[in-house]
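Undergrad: Okay, handing you the structure first.
Each reported figure results from applying straightforward, stated rules to the coordinates on display, with no laboratory input. If you're wondering where the values come from, they're calculated on a predicted model, not measured in any experiment. Cβ sites come from the backbone with ideal geometry, for glycine too, and all protein chains shown count toward neighbours.
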Amino acid sequence: MSGNAGEAAIHRAIDAVWRIESAKIVATVARMVRDVGLAEELAQDALVAALEQWPGAGVPDKPAAWLTAVAKHRALDHLRHSQLAERKAGEIGRELDAQHEIAQADFAEAVDAALDDDIGDDLLRLVFTACHPVLSTEARVALTLRLLGGLATDEIARAFLVPEATVAQRIVRAKRTLLEARVPFEVPRRHELAARLASVLEVLYLIFNEGYSATAGDDWMRPALCEEAMRLGRIVAGLMPEASEVHGLVALMEIQASRTAARVGPSGEPVLLLEQNRARWDQMLIRRGLAGLARAEALGGALGPYALQAAIAACHARARTADETDWARIAALYDALAQLSPSPIVELNRAVALSMAFGPAAGLELVDALMDEPALAGYHLLPTVRGDLLFKLGRRDEARREFERAAALTRNTRERALLTARARACLSQ
């Protein structure tokens, strides 16, 4: 292998290790310095050290441990030269005073002895910190993808079709906000755990949904975001195995993601649920999702909002053909969801289920009641659903106008083409 090729291979190895291990490294260092922004900077220092040293020395036998040890070393150097060292004296112990005499080869071992803690606890602290409600929704999403997903700023910007500078600014502001608000690097106390966990799950589902149905751009889906949300969800489920709603959310995402290959046609065009080739659905993801749903139900979370949505998705997954779908059960599940988490979006989805179970007129009645709902003003799926129901009732001119209105509202190129085609179809029949 030539020198350039060998160096490129090492850089790919570093990138792979960093993507997998960066969250754990940042979490470990954040526990030491109690500052997420500083922890990321110190972890990045370790990454720079790897980029400088590994091409010449080779990839270590335990690359993640090497990066972690260097990041810890940087953290202790920082603590040693700041006032924080005094406040941390009780936690770090006499090891700080002895560090000058410790060989670098023994450094990681000494730090581990000083900070004896389970990496899972550190990761869980990082999850709750990155998703803290003190931050805006956009900031939580960006910081989560940065710290837990290991995504670079430009990757996050491309995924959400916003300028890189905007994402960078969100991340910087988020770190500053956490520091100024003195957000503790800890798992919330029992009395506030439910509310804080809801924030974590909301962030993961927002990331997933942006991948599943892109709000803007030329692509109908961005599968990489779906995969990232599922990966992070599985991490949280592993860290909180008794939290039923975590399993409910992971189940929902996995069952939804099982349709990925069937949701896009040969030219990238959207393929709607009832028209999809179900043979292309990923059966492994479906099995995993159904198992996760069963786990959520076994933990007493059958009526949680994510578990209910997962149960709805499961109805589709279990139907071998579109005609076999149990729409009456789906409508009943939406009734339960509407009582638990009432919202105009849930009502719109419930209208679709009612139309499929009891006829388009039943659904249209509910949709018409939502037409003046302020929260749905500018929401393209409202006229989309209404146009579909009007089309089924033979009211083609009204349907065309609704599809045209929906096409004007959406920012996704693929979806706009689909809606425009549906509007044309109203003229040809």
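Undergrad: Given 0.36 nm per residue, what is the gain on full extension from Ser341 to Gln169 after removing their alpha carbon distance, in nm?
TA: Value of the extension gain: 58.6 nm.
Undergrad: With r as the distance between the Cβ atoms of Ala16 and Glu242 and R0 = 30 Å, compute the FRET efficiency 1/(1 + (r/R0)^6) and round to 0.05.
TA: It comes to 0.40.
Undergrad: Something else now. Cα axis of helix 344-358 to longest principal axis of the chain: angle in degrees, 0 to 90, nearest 10?
TA: In the chain, helix 344-358 runs at an angle near 40 degrees to the longest axis.
Undergrad: Here is a follow-up. Tell me, Ser244, Ser267, Ser258, Ser82 in order of fewest to most beta-carbon neighbours within 10 Å? Before the final figure, lay out the partial values.
TA: Details: Ser244 20, Ser267 6, Ser258 23, Ser82 13.
Neighbour counts put them in this order, fewest first: Ser267, Ser82, Ser244, Ser258.
Undergrad: Suppose only helical runs count, i.e. DSSP H with n ≥ 4. What mean residue ellipticity at 222 nm does that imply for the chain under -39500 (n - 2.57) per run, divided by all residues and rounded to the nearest 500 deg cm²/dmol?
TA: Taken over the chain, the calculation gives -22500 deg cm²/dmol.
Undergrad: While we're here: Taking the Cα centre of the chain as origin and charging only Cβ (+1 Lys, Arg; -1 Asp, Glu), how large is the dipole, in debye to the nearest 20?
TA: 1240 debye
Undergrad: Which Cα, out of Ala50, Ala5, Pro360, lies furthest along the positive dipole direction of the chain (beta carbon charges, K/R +1, D/E -1)?
TA: Result: Pro360.
Undergrad: How would segment 281-324 be classified by its alpha-carbon gyration tensor: rounded, prolate or oblate, with rounded meaning a/c under 1.5 and the a/b versus b/c comparison settling the rest?
TA: Verdict is oblate for segment 281-324.
Undergrad: A further question on this structure: Would you mind checking the tilt of helix 63-80 against the longest principal axis of the Cα atoms of the chain, expressed as 0 to 90 degrees and rounded to 10?
TA: Result, in degrees: 60.
Undergrad: Can you work out the FRET efficiency for the pair Glu373 and Ala57, with r the C-beta to C-beta distance and R0 = 56 Å, to the nearest 0.05?
TA: On the way: r = 62 Å, r/R0 = 1.11.
Efficiency at R0 = 56 Å is approximately 0.35.
Undergrad: Quick one: how many lysine pairs in the chain have C-alpha atoms under 21 angstrom apart, if they're 8 or more apart or on different chains? List each step's numbers first, then the result.
TA: On the way: Lys24/Lys62; Lys24/Lys72; Lys24/Lys175; Lys62/Lys72; Lys72/Lys88; Lys72/Lys175.
Pairs that pass both the separation and distance tests number 6.
Undergrad: Could you tell me which of rounded, prolate or oblate describes segment 371-429, using a ≥ b ≥ c as the square roots of the eigenvalues of the alpha-carbon gyration tensor, with rounded for a/c under 1.5 and, failing that, prolate when a/b is larger than b/c and oblate otherwise?
TA: oblate
Undergrad: Okay, next question. Among Gln276, Gln256, Gln53, which one moves the most in a GNM of the chain with springs linking Cα atoms closer than 10 Å?
TA: Most flexible of the set in this elastic network: Gln53.
Undergrad: Quick check: residue separation of Arg190 and Ala362 times 0.36 nm, minus the Cα distance between them. What number comes out in nm?
TA: 57.5 nm
Undergrad: Starting with the fewest neighbours, write out Phe128, Phe208 ranked by other beta-carbon atoms found within 10 Å of each beta-carbon.
TA: Going from least to most buried by this count: Phe128, Phe208.
Undergrad: Let me ask something additional. Taking the chain as the reference, fit the longest principal axis to its C-alpha atoms, fit the long axis of helix 223-239 to the helix C-alpha atoms, and give the angle between the two in degrees, 0 to 90, nearest 10.
TA: Tilt relative to the chain: about 60 degrees.
Undergrad: For the chain, rounded, prolate or oblate, judged on the Cα gyration tensor with a ≥ b ≥ c (square roots of eigenvalues), a/c < 1.5 rounded, else prolate if a/b > b/c? The partial results should precede the final answer.
TA: Details: a/c = 2.38, a/b = 2.01, b/c = 1.19.
It is prolate, given that a/c is not under 1.5 and a/b is the larger ratio.
Undergrad: Separate question: Name the residue, out of Met221, Met356, Met371, whose mean-square fluctuation peaks in a Gaussian network model built on the chain with Cα pairs under 10 Å.
TA: Met371
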